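*Asks:* The following block contains the structure, expressed as structure tokens.
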Number of protein chains: 2
Amino acid sequence: MPNELPAIYPLGIVGSGQIARMLHSAAVQLGITPRLMAEDSGDSAALAAPGASFRHPDALSSFAEVCEVVTFEHERVDLGLVRYLEEAGAVIRPGSTTLRAAMDKTHQRRILLNRAFNVPPFAELRGPDDMLDFAEMFGWPMVIKSVRSGGQADRGSWVVDNERDALRVMAEQVGRDLMIEAFQPIVKELVVLVARRPGGNARCYPVAETVNADGACREIRIPAAIGSRIATEAMETARRIAGELDAVGVIAVEFFLTTDGLVVNEIAARPHNAGHHTIENAPTSQFENHVRAILDFPLGPTHALAKACVTVNVIGGIETVDPAVHLAEALAVEGAHIHLYGKRPRPGRKLGHVTALGDDMDQARELARRAEGALMNRRPA
Amino acid sequence: MPNELPAIYPLGIVGSGQIARMLHSAAVQLGITPRLMAEDSGDSAALAAPGASFRHPDALSSFAEVCEVVTFEHERVDLGLVRYLEEAGAVIRPGSTTLRAAMDKTHQRRILLNRAFNVPPFAELRGPDDMLDFAEMFGWPMVIKSVRSGGQADRGSWVVDNERDALRVMAEQVGRDLMIEAFQPIVKELVVLVARRPGGNARCYPVAETVNADGACREIRIPAAIGSRIATEAMETARRIAGELDAVGVIAVEFFLTTDGLVVNEIAARPHNAGHHTIENAPTSQFENHVRAILDFPLGPTHALAKACVTVNVIGGIETVDPAVHLAEALAVEGAHIHLYGKRPRPGRKLGHVTALGDDMDQARELARRAEGALMNRRPA
């Protein structure tokens with residue numbers, strides 16, 4: 001079936017979620033019909049892409065054979081297989097070097113440390129002794145993290161205040177590779193997206209500020225409420241990291257702004273939730289620039305179009321409210337841009353997002369939150 | 001297959017071209033997976049829509065059975081079948097009353113004339129006598145038109161200077177229903193898009209100016225270079241026509257601005273080529289507002305975002321240049337928005353469009369034309 005699709009740029013997207021879905025749309029706008037490898041016909045991405053293959057990610061090799069360029073929406077990748085395919089001539093972007101750094105957080109930290117980027121003190125967590133040694137050096141609280149990136153939706157870090165809590169998290173996460181890092185006095189969390197072509201030509205989007213609650217990102221504000229020196233440092237750092245990792249496509253560099261300045265938190269080698277605002281708030285969305293970058297096409301402009309922009313994530317609540325049922329109420333919020341992903345509601349699951357542009361942040365935020373509240377069937381406060 | 005798609009708003013789109021393709025994308029963004037009824041898996045729309053049915057338009061009834069709301073991207077509709085399905089309870093938007101007015105230009109003209117809208121003098125053209133009678137009243141040149149709307153791509157009008165030329169066109173178009181209209185002293189051609197919900201709530205997009213050459217629209221400029229009185233008259237007229245036809249969805253009203261003021265040329269009951277700029281140049285695109293309107297959701301804002309906006313159509317040339325091959329060169333034009341439709345190149349065929357926004361028209365126009373020139377592999381002048 002995929003072989004019948006005419007496509008002079010046979011682009012393959014591996015993924016099932018909203019990132020793959022929005023990448024697909026961006027490619028279609030440019031006249032490209034990507035091939036999608038999802039897992040199930042009900043997947044968010046599969047609902048928007050014709051001729052999708054439904055295979056386990058391990059079936060990558062046959063998919064790569066019919067694509068000129070393959071890209072991933074997530075980090076759940078068999079790295080050995082990716083390397084093997086690269087050696088056999090497949091073009092996978094970002095490639096195995098970048099993917100490895102994105103997937104394995106201790107490896108990522110070591111690279112960043114070796115290249116003299118500011119990262120929080122960290123250590124492997126192979127057992128209680130590592131934890132006790134680390135506590136002796138850096139005190140409590142500390143942060144336990146999963147070494148493997150679980151993709152967009154997964155919770156992967158726990159702040160623990162003492163030995164007992166640390167042991168409990170370790171016990172609960174048995175079977176998972178863990179690491180520890182020193183607790184950071186976080187003032188703000190920031191994200192910089194960089195689109196980078198093979199060869200190094202790169203463009204940064206403006207610094208976004210993310211607001212988290214219950215371990216999930218709830219809200220993204222652009223521009224971040226930071227000064228121009230920190231903004232420049234963040235963008236320069238992100239651009240250098242993209243270069244060090246030889247990234248191709250969009251990568252997202254997450255920072256902590258701490259009371260001791262900027263610290264690199266972690267890196268995602270794909271379009272990022274904090275960049276969905278670029279659909280309305282930039283001349284070129286992160287999805288289009290990812291497609292451009294991996295096909296080695298010129299990148300498009302990345303500046304913000306509005307003075308203020310807020311994206312609010314639509315996250316499944318405890319009660320199974322389906323935001324799609326309340327679409328009409330949300331669309332009544334004048335000027336809010338509603339995006340739903342076609343996913344079945346589940347508590348904690350990202351089901352969509354709302355973006356609003358404005359002349360000031362309060363106004364944009366009020367619009368976006370009102371539309372999100374309508375989708376979640378909450379009464380206005 | 002369509003039955004397996006979960007969709008709480010089962011929206012059906014009948015069509016194969018770029019209008020259906022862009023409608024599909026707009027619906028997907030809202031979390032809706034439309035069902036597409038195209039004709040071939042290589043169709044522009046089918047390349048972007050999963051689970052499409054490939055059937056002749058006459059197979060509409062089985063398609064309508066699985067959709068809550070059905071819409072068309074073109075006017076090649078069997079009106080009897082649409083009426084039959086409506087009587088059987090299908091929701092078809094726009095409905096048969098509006099579709100009939102859009103499809104049959106003499107019927108459309110009569111409605112407009114009865115409601116006291118300015119239209120050019122016209123008559124049926126059943127044979128040479130009609131033509132001679134009309135020439136006696138209105139002189140030469142006159143315009144011969146096809147009564148049935150052929151959809152977006154088809155040429156349907158011929159300016160003739162004398163009896164011999166008129167007879168030649170009539171002979172060439174044998175088998176087609178024709179009409180005649182008095183030649184209009186056209187100063188500008190204008191288009192107003194109106195999105196209208198069931199019940200009458202409606203919004204207008206700003207007046208667009210279309211620039212034609214060789215019988216095809218080459219360029220669209222927003223705002224039109226007209227004064228505010230004419231702009232208001234055009235928008236009010238378009239809004240009233242939408243009401244008179246009980247239109248639901250987006251309708252496009254094409255005007256001639258003549259040396260004797262505004263005249264209604266014709267009406268299309270669907271998103272229109274002159275509205276593609278709304279993807280970048282309005283808070284809500286014509287495609288999203290069409291989806292909102294036919295599902296009876298609140299309409300989104302329709303104002304222009306940029307001071308000046310130009311869309312240039314990418315039209316297949318005599319030599320079979322495939323614009324997709326030159327995508328990289330076009331993407332290098334900073335700030336141009338490239339849209340390709342995935343269609344095979346053919347002379348005269350609309351293969352895509354380029355939109356550019358700017359602070360003045362010359363700048364926007366230069367950008368859009370440069371990108372279009374790159375796609376068509378023309379050297380810059």
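The values are calculated or read from the model by the stated rules, or taken from the named source; none is laboratory data. On a predicted model such as this, the values are computed, not experimentally measured, just so you know. Don't worry about glycine lacking a Cβ; one is built from the backbone with ideal geometry, like all the others, and counts go over all protein chains shown.
A quick yes/no check of all residues on (1) among the aromatic types (Phe, Trp, Tyr); (2) within 14 Å of chain A (Cβ to nearest Cβ); (3) within 30 Å of A:Ile338 (Cβ to Cβ):
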| site | (1), (2), (3) |
| --- | --- |
| B:Ser228 | no, no, no |
| B:Ile241 | no, no, yes |
| B:Phe255 | yes, no, no |
| B:Thr284 | no, yes, yes |
| B:His290 | no, yes, yes |
| B:Thr302 | no, yes, yes |
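*Asks:* Failed condition for A:Glu280, given (1) of a type outside the set (Val, Ile, Thr); (2) in contact with a helix residue (DSSP H, G or I) (Cβ under 9 Å, 6 or more places away or on another chain); (3) touching a residue at least 60 places away in the same chain (Cβ under 8 Å); (4) within 11 Å of chain B (Cβ to nearest Cβ), with all others met?
*Replies:* Evaluating A:Glu280 over (1) of a type outside the set (Val, Ile, Thr); (2) in contact with a helix residue (DSSP H, G or I) (Cβ under 9 Å, 6 or more places away or on another chain); (3) touching a residue at least 60 places away in the same chain (Cβ under 8 Å); (4) within 11 Å of chain B (Cβ to nearest Cβ) leaves (2) as the failure.
*Asks:* For a quick check of your reading of the model, give me the residue pairs whose first member lies in the stretch B:313-336 and is in contact (Cβ under 8 Å) with a residue 60 or more places away in the chain, whose second is surrounded by 17 or more Cβ atoms within 10 Å (Cβ to Cβ) and in a helix (DSSP H, G or I), with beta-carbon atoms closer than 8 Å and at least 6 apart or on different chains.
*Replies:* Within 8 Å, the pairs are B:Asn313/B:Asn273; B:Asn313/B:Glu372; B:Val314/B:Pro323; B:Val314/B:Glu372; B:Val314/B:Leu375.
*Asks:* Still on this structure, I have one more. Among the residues of the stretch B:232-246 satisfying the criterion of being more than 12 Å from B:Leu262 (Cα to Cα) and either among the aliphatic types (A, V, I, L, M) or under 17 Å from the mean Cα position of the chain (by Cα) (or both), which is surrounded by the fewest Cβ atoms within 10 Å (Cβ to Cβ)?
*Replies:* B:Arg239
*Asks:* What number of residues within the stretch B:39-65 satisfy the criterion of being within 23 Å of B:Thr98 (Cβ to Cβ) and either in contact (Cβ under 8 Å) with a residue 40 or more places away in the chain or among the aliphatic types (A, V, I, L, M) (or both)?
*Replies:* Qualifying residue count, the stretch B:39-65: 6.
*Asks:* Oh, and also: Output the number of the condition that B:Leu357 fails; it satisfies all remaining conditions of (1) more than 12 Å from every other protein chain (Cβ to nearest Cβ); (2) of a type in the set (A, V, I, L, M, F, W, C); (3) touching a residue at least 60 places away in the same chain (Cβ under 8 Å).
*Replies:* The one condition B:Leu357 does not meet is (1).
*Asks:* Now a separate question. Of these, B:Arg365, B:Arg370, B:Arg344, which one is modelled with pLDDT under 95 and under 25 Å from the mean Cα position of the chain (by Cα)?
*Replies:* None of the others qualify; the one that does is B:Arg344.
*Asks:* Could you look through the stretch A:258-309, keep only residues that are among the polar types (S, T, N, Q) and assigned to a strand (DSSP E or B), and pick out the one that is farthest from the chain's Cα centre (by Cα)?
*Replies:* Taking the candidates together, the pick is A:Thr258.
*Asks:* If you go through the stretch B:233-249 one residue at a time, do you hit one that is within 27 Å of B:Arg369 (Cα to Cα), at pLDDT 95 or above and either in a strand (DSSP E or B) or not assigned by TED's automatic domain parsing to the domain that holds B:Ile13 (or both)?
*Replies:* no
*Asks:* Within the stretch B:332-350, restricting attention to residues that are surrounded by 23 or more Cβ atoms within 10 Å (Cβ to Cβ) and within 8 Å of another protein chain (Cβ to nearest Cβ), which residue is farthest from B:Asp362 (Cα to Cα)?
*Replies:* Residue satisfying both the conditions and the ranking: B:Gly342.
*Asks:* Looking for something farther than 22 Å from B:Arg203 by Cβ, polar (S, T, N, Q) and out of contact with any Ser or Thr (no Cβ under 7 Å at 6 or more places or on another chain) - is there at least one such residue anywhere in the stretch A:313-330?
*Replies:* The answer is yes, given that some residue of the stretch A:313-330 is farther than 22 Å from B:Arg203 by Cβ, polar (S, T, N, Q) and out of contact with any Ser or Thr (no Cβ under 7 Å at 6 or more places or on another chain).
*Asks:* Sticking with this structure for a sec: Tally time: how many residues in the stretch B:122-137 are under 20 Å from B:Thr237 (Cβ atoms) and surrounded by fewer than 16 Cβ atoms within 10 Å (Cβ to Cβ)?
*Replies:* 0
*Asks:* When you scan the stretch B:138-231 for strands (runs of 3 or more DSSP E) that lie fully inside it, which ones turn up with 3 or more residues that are surrounded by 21 or more Cβ atoms within 10 Å (Cβ to Cβ) and aliphatic (A, V, I, L, M)?
*Replies:* B:178-182, B:186-196
*Asks:* Report the residue count in the stretch A:310-331 for those that are outside any helix (DSSP H, G or I) and at the interface with another protein chain (Cβ under 8 Å from one of its Cβ atoms).
*Replies:* So the answer is 1.
*Asks:* Failed condition for B:Glu366, given (1) within 11 Å of chain A (Cβ to nearest Cβ); (2) in a helix (DSSP H, G or I); (3) surrounded by fewer than 18 Cβ atoms within 10 Å (Cβ to Cβ), with all others met?
*Replies:* (1)
*Asks:* Consider A:Glu39 carefully, then state whether it is surrounded by fewer than 24 Cβ atoms within 10 Å (Cβ to Cβ), at pLDDT 90 or above and more than 19 Å from A:Ser285 (Cβ to Cβ).
*Replies:* For A:Glu39, the condition - surrounded by fewer than 24 Cβ atoms within 10 Å (Cβ to Cβ), at pLDDT 90 or above and more than 19 Å from A:Ser285 (Cβ to Cβ) - is not met.
*Asks:* Among the residues of the stretch B:360-381, write down those that are in contact (Cβ under 8 Å) with a residue 24 or more places away in the chain and either within 20 Å of A:Ala26 (Cα to Cα) or in contact with a helix residue (DSSP H, G or I) (Cβ under 7 Å, 6 or more places away or on another chain) (or both).
*Replies:* B:Ala368, B:Ala371, B:Glu372, B:Ala374, B:Leu375, B:Met376, B:Asn377
*Asks:* Need pairs with beta-carbon distance below 9 Å; first residue touching a residue at least 24 places away in the same chain (Cβ under 8 Å) and within the stretch A:96-115, second among the basic types (Lys, Arg); sequence gap 6+ or separate chains.
*Replies:* Final answer for the pair search is A:Ala102/A:Arg270; A:Met103/A:Arg76; A:Met103/A:Arg148; A:Asp104/A:Arg148; A:Lys105/A:Lys145; A:Lys105/A:Arg148; A:Gln108/A:Arg100; A:Arg115/A:Arg240.
Residue by residue, here is whether (1) over 30 Å from B:Thr284 (Cα atoms); (2) within 21 Å of the chain's Cα centre (by Cα); (3) of a type in the set (Gly, Ala, Ser) holds:
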| position | (1), (2), (3) |
| --- | --- |
| B:Val143 | yes, yes, no |
| B:Arg164 | yes, no, no |
| B:Gln173 | yes, no, no |
| B:Arg197 | no, yes, no |
